[in-house]
Amino acid sequence: MPDNLSHDPIEQGRPVFHFTAPSNWLNDPNGLVYVDGAYHMFYQHHPHDNTFGPQHWGHASSPDLVSWRHHEIALAPDDLGMIFSGSAVIDSGNTAGFGAGAIVAVFTHHLADGVERQSLAFSTDSGTTFHKYVGNPVLESPDGVPDFRDPKVFRWTGDDGDETWVMVLAVGVEVWIYISDDLIEWELASQFSTDGHSGRVWECPDLFELRVANGDTKKWVLAIGVDSADLPHLYGTRYFVGEFDGKTFTHSHTDVHWADHGADFYAAQSWSSAPDDRKVWIGWMNNWGYARETPTEGWRGAMSVPRELGLLDTGDGIRLTQAPVRELERKRRAIVRRDNVTLEVGDDLGEGVRGVALDIDATVNLDRSTASELRISVRIGEDESTDIVLDLAESTLSVDRFRSGRHLIHRSYAGSRLVSVGEKQGMLDIRVLVDATSLEVFAGHGLVAITEQIFPSASSDGVAIEAVDGVVVLTSLEISGL
Ligand code: FRU
């Protein structure tokens, strides 16, 4: 390991195109809801310190998921405790009695002794102000079960047209599913657990239906944050593909996957009532293993890019796909644009390119490439470089952060990620989003995602794109500044 261990804070390290709080600590995305032309995002926030503390809901909104406007803090702690994670829905039918079209936030109240209860708050002015419901809490943990939190609520419509509210809640290493007519009275409908994939605790569940892109079916996806000692990086986002009948989620036991193979994609949540039937989610780009120690000053914690979700039948089963929302492409300023280029040993398509906020988009013709590796290196500087390596023989993608700058002295920070990209023939797309303190890699129609925080010096801004031991044929390559 290089001798550059240091805790010097990164002062200029604010992400360029990733969301951060105006100042201080941020964790999970909360209350994601689209209303009146705006995507609202609330988030776990400690406004007075750069570490986890009395949790509030910060608030921002965006017309396009790319440029964000900060708003007043929406929810602050009270006698029932801190404001932990939760979701928001539009109550068009005024089922709760707060007004037709009210935004209703459903969140966890967390007391210092660990007791967790679900509560409501509502807004009748498109999210400008929130009022806590006087009857809070609306759902208490039976027998004081600990780890009873993070309600995600959505509207379910059955085949007969009947509608109900559904809440998925993380309870220990299970997801409990509740139903309600009015968001106030909740009835337990089912309990979901799995064998062998549980870890220590589950957090922030989400449940949504998606169409299979290359089929004529729809499937349900249950996603959870898993705190697991088995994971090299301790925290990750898992998903199950299955069926949901309004009360119970079922899946085949082989349908258990990681949504992201990096260390820094957690507590992901999808937007309620997004337009055009799109499903977009966003995750906290961090890991509880070291979240409180990342070397930043004045701010700590960023969101991932918002990602459009889909499902693809891979032949080996139905899998989740993720792609940065298309709105991000409008921010691109082209630096390099090449078609049908043959990269020989010694060539470097990144030569002369510099940047800390970049979008690299390449399509590799696997049939015509003979190299053992394609190496995309970013944030190159003196003794620093973060390499994304496509091993063409093994069909794997890897990223490590051994030379990615300031190393955090934590066992779950070091290490490399290696993921199979499946394809050995045809075309393989690779997209790399680089920002001041992060890297997101998407490949193979979005079936692979790897998200990692990195902490190189601001001056490490070089790029290299090289072939090892043979040629790599790129049908297209675009490098853009963001
Ligand atoms: C997940 C989580 C949630 C909790 C929140 C507290 O990152 O631990 O389970 O509600 O963060 O900030």
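Could you tell me which of rounded, prolate or oblate describes the stretch 257-340, using a ≥ b ≥ c as the square roots of the eigenvalues of the alpha-carbon gyration tensor, with rounded for a/c under 1.5 and, failing that, prolate when a/b is larger than b/c and oblate otherwise?
oblate
Using a/c under 1.5 as the rounded threshold, could you call the stretch 130-247 rounded, prolate or oblate? The axes a ≥ b ≥ c are square roots of the C-alpha gyration tensor eigenvalues, and prolate needs a/b larger than b/c, oblate otherwise.
oblate
Any idea which of Ser369, Thr294, Val66 is furthest toward the positive side of the dipole for the chain, if Lys and Arg beta-carbons carry +1 and Asp and Glu beta-carbons -1?
Val66
Quick check on the stretch 29-180: take the gyration tensor over C-alpha atoms, sort the square-rooted eigenvalues as a ≥ b ≥ c, and tell me if it's rounded (a/c under 1.5), prolate or oblate.
Because a/c hits 1.5 or more and a/b fails to exceed b/c, the stretch 29-180 counts as oblate.
Label point 7 Å out from His48 along Cα-to-Cβ: which residues of the stretch 55-77 have amide N under 14 Å?
The answer is 55-56, 76-77, whose backbone nitrogens lie closer than 14 Å to the label point.
Send over a whole-number figure in Å² for the accessible area per residue of the stretch 205-280, probe 1.4 Å.
Heavy-atom accessible area per residue stands at 36 Å².
Whole number in Å², please: accessible area per residue of the stretch 335-482, 1.4 Å probe, ligands, DNA and RNA not counted.
37 Å²
Using only Cα atoms, locate the centre of the stretch 287-317 and the centre of the stretch 103-120, then give the distance between them in Å, rounded to an integer.
Centre-to-centre distance over Cα atoms comes out at 24 Å.
When each pair of different Cα atoms in the chain is counted once in the 1/r mean, what is the Kirkwood radius in angstroms, to one decimal?
That comes to 23.0 Å for the chain.
Lysines near Lys247 by alpha-carbon distance under 24 Å, same-chain residues fewer than 8 away left out - which ones?
Lys152, Lys218, Lys219, Lys279
Find out how many positive minus negative residues lie around Gly301, taking Lys and Arg as positive, Asp and Glu as negative, among other residues whose Cβ is under 11 Å from that of Gly301.
Computed value for this residue: 0.
So if we plug the beta-carbon distance of Asp348 and Thr129 into 1/(1 + (r/R0)^6) with R0 = 56 Å, what FRET efficiency do we get, rounded to 0.05?
Efficiency, rounded to the nearest 0.05: 0.55.
Distance between the C-alpha centers of the stretch 330-381 and the stretch 192-222? Whole Å please.
If we compute the Cα centre of each part, the gap is 35 Å.
Which peptide among 127-138, 464-475 comes first, and what is the full order, when sorted by highest mean count of other Cβ atoms within 10 Å?
464-475, 127-138
Which FRET efficiency, nearest 0.05, do Glu394 and Arg69 yield, Cβ-Cβ r, R0 45 Å?
It comes out at approximately 0.50.
Roughly speaking, what is the centre-to-centre gap between the stretch 423-482 and the stretch 18-46 when only Cα atoms are used, to the nearest Å?
About 27 Å separates the Cα centre of the stretch 423-482 from the one of the stretch 18-46.
With each pseudo-label sitting 7 Å past Cα toward Cβ, what's the Lys424-Arg292 distance in nm, one decimal?
4.8 nm
When the accessible area of the stretch 332-481 is computed with all protein chains present and a 1.4 Å probe, what percentage of it is carbon and sulfur?
That fraction is 43 percent.
Among the trypsin sites (Lys or Arg not before Pro) within the stretch 377-480, which fall in a DSSP loop and have no more than 15 other Cβ atoms within 10 Å of their own Cβ?
Answer in residue order: Arg411, Lys424.
At 1.4 Å probe radius, can you tell me the per residue accessible area of the stretch 154-200 in Å²?
Value returned for the stretch 154-200: 48 Å² of accessible area per residue.
Check cross-link reach from Lys424 to the aspartates and glutamates: straight Cα distance under 12 Å, and skip same-chain residues fewer than eight apart.
List returned: Asp367, Asp391, Glu394.
Measure off, as a whole percent, the carbon and sulfur share of the 1.4 Å-probe accessible area of the stretch 20-324, all protein chains present.
The C+S portion of the solvent-accessible surface of the stretch 20-324 is 46 percent.
The values are calculated or read from the model by the stated rules, or taken from the named source; none is laboratory data. Everything numeric here is computed off the predicted structure, so don't read it as measured data. Methodologically, a virtual Cβ is constructed for each residue, glycine included, from the backbone with ideal geometry; neighbour enumeration extends over all protein chains shown. All accessible areas refer to the heavy atoms of the entire protein, side chains included, with ligands and DNA or RNA removed. Shrake-Rupley method; radii C 1.70, N 1.55, O 1.52, S 1.80 Å.
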